Amino acid sequence: MTKKILFIILLILGLTTTVLLITQITVFKSRASNTDSRLPVRENSYLFASPIQAKADGQEKIRVTIFLLDSQGLGVSQQAVTLKAPPPIQVETLQSTTDDLGKATFNLSSATPGKFEISASTTTLVLSQKINLLFL
């Protein structure tokens, strides 16, 4: 009797584990969409900087990262991102085309002190968010 109960419990646990693994693999199989099926959405896409201030010595850099996301919040890959920065800012492009997570990355530096507004765009949209960087 106890062997039958133990067998039934193990069978139920095994089936439950199998179902969970299959659904998790399906859900997380692909996080990014390609340009053929989806486009980035302005409301879900964003940019941020780290740190937000640096020395104005032309050497110290601020990393600006842009995420292009579709209407479901998934990254949109293979999108060319353009960063708009005022002339005193030197832009080093690390990755201007979005990867599988929808991420593009740039390093910024300046030899001129000041507060500068940075924005980003693609061929199909201009991100509504802007960031302010401070070079001291």
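Summary table
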{"read-out": "Verdict on residue 135 being of a type in the set (Phe, Trp, Tyr) and within 14 Å of the chain's Cα centre (by Cα)", "value": "no"}
{"read-out": "Checking residue 73 against (1) surrounded by 13 or more Cβ atoms within 10 Å (Cβ to Cβ); (2) under 13 Å from the mean Cα position of the chain (by Cα), the condition it does not meet", "value": "(1)"}
{"read-out": "For residue 85: the one exception among (1) closer than 17 Å to residue 46 by Cα; (2) within 19 Å of the chain's Cα centre (by Cα)", "value": "(2)"}
{"read-out": "Evaluation of residue 125 against (1) closer than 27 Å to residue 38 by Cα; (2) modelled with pLDDT of 95 or more (one fails), failing number", "value": "(2)"}
{"read-out": "Residues being at pLDDT below 70, outside any helix (DSSP H, G or I) and of a type outside the set (Gly, Ala, Ser) - total across the stretch 2-40", "value": "5"}
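The values are calculated or read from the model by the stated rules, or taken from the named source; none is laboratory data. Predicted, not measured: the structure shown is a model, and the values here were computed from it. A quick note on method: Cβ atoms are made from the backbone with ideal geometry, for glycine too, and the neighbour counts reach across all protein chains shown.
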